[in-house]
Structures are given as C-alpha cells and as structure tokens.
Amino acid sequence: MEIITKLLTETFGLQLDNTGQLVAGGLTMALIMALVMATCAIVWTWAERKVAGFIQSRYGPMRVGKYHGALQPVADMVKILGKEDIIPDDADKPLFVLAPIIIFIASLLPWAAVPFAPGFIASDMDLGLFYIFAVSSGAIVGILMAGWASNNKWALYGAARGAAQMVSYEIPLALATIPVVMRTGSLNMNDIVIGQQGGIFHWNAFHDPFLFVAFMIYFISSIAEVNRGPFDMPETESELVAGYHTEYTGMRFALFFLSEYANLFLVSCIATAVFLGGWNLPVGNAVVLPGLVFLAKAVLLVLIQIWIRWTLPRLRVDQLMHVCWKVLIPLSLLCLLGSGILLMVSGEIAA
Amino acid sequence: MVVDRRDFSVNFLIALLITNKELASRKYARLRVIYIWFDAGEAAFMAEQFVPLLLVISLALIFALLFLGLSYWLGPKKASKLKKTVYECGIPVRGGIEIRFFIRFFLVALLFLLFDLEAVFIYPWAVMYQSMLDGGRMIFALSEMGVFVGILVVGLVYVWKKGALEWQ
Amino acid sequence: MGDMVFYLFALMTVLSGFFVVFSKNIVHAGFSLMFTLFGVAGLFAMLGADFLAITQTMVYIGGVLVLVLFVVMMTRIPAQNLPKSSFNRKIPAGIFSVLIFAIVFKVIGGTEWNVLPVDAPEATISMIGQKLLTEFIFPFEYASIVLLLAMIGAAILIRERKIDDDEEVQS
C-alpha cells in the first residue's frame, strides 16, 4: 500500500490529498491483487491437469502452445467466453444470476489481507486473520444460493453437503491458528510474518511440536474447506453429477471454477504467511526477493494439495464428519492448551 | 481519507433521535447513552483499513459483470425448450426439489455456530495472552480460558456420547 | 465520500430488511437477510468498531444465516400453501407494530445523548481482550455456559428424532 502510493506520488508526480492517496493506492493495489489472483487461478487449472496427467502416467494437455500445452488455459478462457449462457426455465432466476457473483466476490475479498511482501498488502488490517476467515464464509451462502436456485435435486444435495462440510471444517481451521496468535500477540498478518524472522526454526510450523500439529490440522482442514479431494463430497461426480454448479454453463460456470482455484491458492497463501514464515528465508534475517519467496512457498503447498487430490480416494460423508468433529477439533483444543502451557513455562524460564 | 463522525450523516441521525431534550433529561435520566465520535485524524486510521475492502468489492463486482457481459455478447443464443430443462441424467425430471434434508445438517450448522462464537471469544484472549506474562498473571489467564473451553468440551463430549455426531 | 458510503450501507440495510419482511418467497427473504447483515457490518466498521464488524460477518453471515437457510430449505412449503394472512390478523399486527415502534422511538428519542469526544481506540481487539480478562470475566464464563446449554439442546433435538425412527420401525 505505502509502496504504491509512494510510486504514484513520486514517480508519476500525481498531486493527491489524503482521500485521493487512499483511493488511488487502494485501487491500484486491489487491481494488482485481482490480476495476480486471476492469473494464478488460470495457471492452476493447467498445472492441475499436468500433475494429474503425470500421476496417472499420461501427458495431460500437449497441443495448444509450444511447450506442453502451456497456452491451454488461455484457449479455455477464450472458448468459455464464446459459450452459450443457459438458464433453466425452472431456475429461480434472480438467485441463479446472483450466486456466482457472490461466490466470486467472496473468493476475492480475503486477498485484501494477504501480505505478499513487506508493505505489499491491500489492507494492513489489525484483525487480518480474523477478517480472512470471516469473509471467506460468505462463499457458503453463495453455494447454498446456487444449489437452491438451480432447482435441481443433485445441485441442492451438493450445496447442502458443501455448506455442512465447509462450516464444519472452518472450526478446526480457525482453532488451529489460535496458538500462532498466542505466540505473536496479534492478528495482523504483517506482524505474524515479521514475528517469524530468523530462520526455519522461528517459523511457526517448526517452532514447537504443538504448532507443528496445529499446522497439520490447518493444512488438512484447508483441503476440506476448499472442497477438494479427498474431501470433495459436494462434487462427487459419481453420485451428484457435479454438485452445486450442475446447472451452470459458460461464463457463470467459469466464475465458480475461478473462485475454486483462487480459494485453493488462498488457503496456501494463508498457510505460508501464518505457519511457514511468509517472505522470510529459511536461514538468516535478510529479506531477499520477498514476493518470490512467498509465492514459492505457496506454490509448493498448492502442488502438495494437487498431489493429495490425485492420490487419495474420496472419503465417505460419515468419515468426513468423524475426522472433523472427533479428531481435528479435540486435537486443536489440545494444541491450544499445550501452546498456552509452553508459552507460560518458556516465559518463566526466560524471566 | 478523513472521516469525520461529526459530519452531516451522523448529525442528521442524532437530530432525528433527539426530539425533546428537556423532556428527556427529566423522564429518562437513568437511560444515559454516550455517543462517541472520533477526531478526524484518528478515524482516518480505520478508513485506511476498510476503504481498500470497499474497492476490492467494487472491483470484483465490475470484473464479474464484465466477464458475464462479454460472454453474453459473444456467446450464441439458441435456446430450445429441451435445452432449458433441468438436468437429470438425460431422462425426464421426476419430482421437484421438495427433498427432505437430513436433520444432521441442521445439527452441524448449530454446532458450528456455537464453536464459531467460541473462536470469536478466544481470539481477543489469545492476542492478550503474551502480555499477561509481564503482570505475572499468565496462570490466571490460562485457567480462565481453561474453564471457558472446558465447559464447551463438556458439551462436545455430551453431544458425542448422545450419538449426535454419528452420521447415519 | 464518507457520507456516501454511509448512505450506501444504510440504504442496503433498510431496503433488504424491507425485502425480508415483505417478500412472499421465504427463501428469497432468507437470502436477502445476507445483505441486511452485511450492511450492518459495514455500519459497524464505519463507527470504528472493526472487531464488531468482522464478528458480525463471521457469526451472522457465516453461522446464523446458514442455519436459517438450512431451516427454511428443510421445511420447504410451496408458496401457494402458505397460510394467507387475513385482514383480521393484519389489524392487530399493525397496531402492535406501531406500538412497539412508538415505544422504541420514545425511549431512543427521550434519551439524553451525552456527546463526548473520545480518542478512537487504535487496537480494539487488545482492549476487548483486556476487558474479558478483568472486568467482564464473569459474563465471559457465563457465555460458555449459555453455549453449553445450546449444545445440549441440539443433542436432545437429535435424540427425539431417533425415538421417532424407532417407533416407525415398530409400527
């Protein structure tokens, strides 16, 4: 934010008052954020198909673009723009139109508080982490809306399952970050990253055993939160056709698709910032190419998620609920207690 | 941006609410409410956090509408009655969506709400936890949260034992 | 610009609130509630209560609204089967509404608002944490007991259902 306003005022010589500075800086930042998100989401569709291909001993997309179908996602985007937009006669039209837009907004909003590099954050909020969890829950309403508006049994079942799964896994997701908040003493995403300076053992994930378990809980829940395999119950193609977006075609479907990949990348970025030291290098205190370091870590996490999706079989609904309520939630509460005691003991030793 | 809470919008609201000051001070002296306003410089701090969010929302809306508009402009429009039916694996649709939801969905939403509230309570506590060390009141802080979470764990165990978490 | 944003949120809250009340389609009313809740969150944020604004989003939009939508969808009644409110019912309902509005208006309007300049808190959450650990420790623990009671209620709800199933099997 400061970087952008500085650039605008100093390099381009714009004369801005307070309001102008805030709006211009924020707008530029938001635009960059949106472009980064959209580009990444599009690239992920290609990466997912390539990785899936290699895991299943085939090539995946090869034809479009010179190298390994590199332009495939671009071709897909162009193709999908030219597709017919079908709204079923029985659909609840206003809700049907509104649902993809709401999901798209809900998937873009959390990005405002993701710290890519020092000073490179759209809104340096005090309550950044809390805010991210809060706004991403807007997608749940969007999913229910899509399922209902489609007027299709399978879509409605998919939406109900999706909503139940997302609300369930949001609890371990939020609880797992609490030990980090206790250690940092802040919910500000910048503060959380800065608190992890000084090498890999200062990163939250590798700082102590409780935080490592918390990281694992976060990672598992985040896969479930973005409805991906092995937790892709809302979209089980063998029973529910395609889940809540069964009736959607063309660009409306693409908005769901983009949001899904944006969310996949988002949870990885949050894991990077909260647990894996953000832009900090594994050794030393120096900040070198912070944006790239951050992205490298997030990309690694996304690749692991893709790997998991194409390797593990899908869970059943009862197993899904079992894992969440009987394993992850008690475990995350234990982590909370353990971290509390550890902080107390280490604090007393230091004092 | 300077957001001055003494500006027109709030004053208008206050003017609407305060109808008769003399009467008010006599009759409702007990119901005193303090209306707080911020100095302009300090309010800017909040604006700095929330104005970018408004911008992101509008940007997302513009993008979504742009994409949809483009596809509407470029895409073919050859609707047919059959094409506009709801998908049901190619056979004629049987029944509407008056399906009955499993009651567990309701339970899950309810339990989520309770744990969500718990998380909302824990966050401020977690932020303050480290600074309790200086006052040497960490044990107090930990035990306070222990009681709070403990009561909820009792609830979770009860629900568990009652078999409400079994998805059958 | 502050004014404009304020009116935007206020308008959104009020209009969607009207829609919730007057919509014939109960599912539409439920979804419209989202905009009401979001508008209120926006107003909180404008008043400098960032913690409250985000809590409003998290608990109401993410939790309460999803619960309401589940209930509305579960007990789906086709629009034509909804009981029509007759004129006889509308009169007492109208009278009560006006009465409640008058009372609320009187109390709010009659309150002496002590307008005091206060420093805006820079970090609301640590202040709230401090209060929870000192002044409001009893309400804090009390809140967990309320949550416990709600959980027990939920469990009983499911148990009732089980008895129904058994009876169906027996009969």
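The values are calculated or read from the model by the stated rules, or taken from the named source; none is laboratory data. All figures in this text were calculated on a predicted structure; none of them were measured in a lab. Reconstructed Cβ throughout: ideal geometry from the backbone, glycine too, with neighbour counts over all protein chains shown.
Of the residues making up segment A:115-145, those that are closer than 17 Å to A:S186 by Cβ and among the hydroxyl-bearing types (S, T, Y) are A:S123, A:Y131. Take segment A:74-115 and flag every residue that is more than 23 Å from A:A139 (Cβ to Cβ) and of a type in the set (D, E). Result: A:E84, A:D89, A:D90.
Counting only residues that are at the interface with another protein chain (Cβ under 8 Å from one of its Cβ atoms) and among the small types (G, A, S), segment A:124-135 holds 1 of them.
Quick grid of which residues meet (1) at pLDDT below 80; (2) assigned to a helix (DSSP H, G or I); (3) more than 22 Å from C:F44 (Cα to Cα):
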{"residue": "B:E48", "(1), (2), (3)": "yes, yes, no"}
{"residue": "B:I91", "(1), (2), (3)": "yes, no, yes"}
{"residue": "B:G96", "(1), (2), (3)": "yes, no, yes"}
{"residue": "B:L114", "(1), (2), (3)": "no, yes, yes"}
{"residue": "B:F121", "(1), (2), (3)": "no, yes, no"}
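Only one of the listed residues (A:G284, A:G278) is surrounded by 17 or more Cβ atoms within 10 Å (Cβ to Cβ) and not in a helix (DSSP H, G or I). That residue is A:G278.
Assess whether B:A141 counts as being in a loop (DSSP other than H, G, I, E, B), surrounded by 12 or more Cβ atoms within 10 Å (Cβ to Cβ), within 7 Å of another protein chain (Cβ to nearest Cβ) and modelled with pLDDT under 85. So B:A141 does not fit the description; no. Scanning segment B:109-134 for residues that are closer than 11 Å to C:M151 by Cα and facing chain C (nearest Cβ under 7 Å) yields B:L110, B:L111, B:F112, B:L113, B:L114. A search for C-beta distances below 9 Å between a residue of segment C:23-44 that is at pLDDT below 85 and any residue that is among the β-branched types (V, I, T) and surrounded by 22 or more Cβ atoms within 10 Å (Cβ to Cβ), counting only pairs 6+ apart in sequence or on different chains, returns C:F44/C:I54; C:F44/C:T55. Considering segment B:144-168, the residues that are more than 7 Å from chain C (Cβ to nearest Cβ) and outside any helix (DSSP H, G or I) include one that is surrounded by the fewest Cβ atoms within 10 Å (Cβ to Cβ), namely B:Q168.
Here A:N151 meets each of (1) in a helix (DSSP H, G or I); (2) of a type in the set (S, T, N, Q); (3) within 22 Å of C:H28 (Cβ to Cβ) with one exception, condition (1).
Could you check segment A:296-312 and list, in sequence order, the residues that are more than 14 Å from the chain's Cα centre (by Cα) and buried (at least 20 other Cβ atoms within 10 Å of the Cβ)? Hit for segment A:296-312 is A:R309, nothing else. Filtering segment A:280-291 to residues that are under 22 Å from the mean Cα position of the chain (by Cα) and over 9 Å from A:Q197 (Cα atoms) leaves A:P290, A:G291.
In segment A:305-350, which residues are aliphatic (A, V, I, L, M) and part of a loop (DSSP other than H, G, I, E, B)?
A:L312, A:L315 - these are the residues of segment A:305-350 that are aliphatic (A, V, I, L, M) and part of a loop (DSSP other than H, G, I, E, B).
Here segment A:84-123 is the region considered, the condition is being in a loop (DSSP other than H, G, I, E, B) and within 7 Å of another protein chain (Cβ to nearest Cβ), and the residue that is surrounded by the most Cβ atoms within 10 Å (Cβ to Cβ) is A:A122. With the structure loaded, tell me whether A:V193 is away from chain C (no Cβ under 14 Å), of a type in the set (A, V, I, L, M) and buried (at least 24 other Cβ atoms within 10 Å of the Cβ) or whether it fails that test. Taking the combined requirement at face value, the residue satisfies it. So is A:G138 closer than 25 Å to C:F31 by Cβ, touching a Ser or Thr at 6+ places or on another chain (Cβ under 9 Å), crowded, with 24+ Cβ neighbours inside 10 Å and within 12 Å of chain C (Cβ to nearest Cβ) or not? Against the criterion (closer than 25 Å to C:F31 by Cβ, touching a Ser or Thr at 6+ places or on another chain (Cβ under 9 Å), crowded, with 24+ Cβ neighbours inside 10 Å and within 12 Å of chain C (Cβ to nearest Cβ)), A:G138 does not qualify.
Pairs linking a residue in segment A:69-85 that is within 14 Å of B:F67 (Cβ to Cβ) and touching a residue at least 24 places away in the same chain (Cβ under 8 Å) to a residue that is among the β-branched types (V, I, T) and buried (at least 17 other Cβ atoms within 10 Å of the Cβ), with Cβ atoms under 9 Å and 6 or more positions apart or on different chains, are A:D76/A:I42; A:D76/A:T45; A:M77/A:I42; A:K83/A:T249; A:D85/A:T249. Which of the residues spanning segment A:23-39 are closer than 16 Å to A:L258 by Cβ and either facing another protein chain (nearest Cβ under 8 Å) or aliphatic (A, V, I, L, M) (or both)? Once the filter is applied, which keeps residues that are closer than 16 Å to A:L258 by Cβ and either facing another protein chain (nearest Cβ under 8 Å) or aliphatic (A, V, I, L, M) (or both), segment A:23-39 yields A:M33, A:A34, A:L35, A:V36, A:M37, A:A38.
Yes or no, residue by residue, for (1) in contact (Cβ under 8 Å) with a residue 40 or more places away in the chain; (2) facing chain B (nearest Cβ under 9 Å):
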{"residue": "A:W307", "(1), (2)": "yes, no"}
{"residue": "A:L315", "(1), (2)": "yes, no"}
{"residue": "A:M321", "(1), (2)": "yes, yes"}
{"residue": "A:K326", "(1), (2)": "no, yes"}
{"residue": "A:G340", "(1), (2)": "yes, yes"}
{"residue": "A:L343", "(1), (2)": "yes, yes"}
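Hey, can you tell me all the residues within segment A:141-170 that are away from chain C (no Cβ under 11 Å) and without any contact (Cβ under 8 Å) to a residue 24 or more places away in the chain? Correct list: A:K153 only. Filtered by the rule that a residue be more than 12 Å from every other protein chain (Cβ to nearest Cβ) and within 21 Å of A:P100 (Cα to Cα), segment C:1-28 gives a lone residue, C:S16. Checking the structure you have, find out if any residue of segment A:236-253 is at pLDDT 80 or above, surrounded by fewer than 24 Cβ atoms within 10 Å (Cβ to Cβ) and either under 17 Å from the mean Cα position of the chain (by Cα) or not aliphatic (A, V, I, L, M) (or both). Yes - at least one qualifying residue is present in segment A:236-253.
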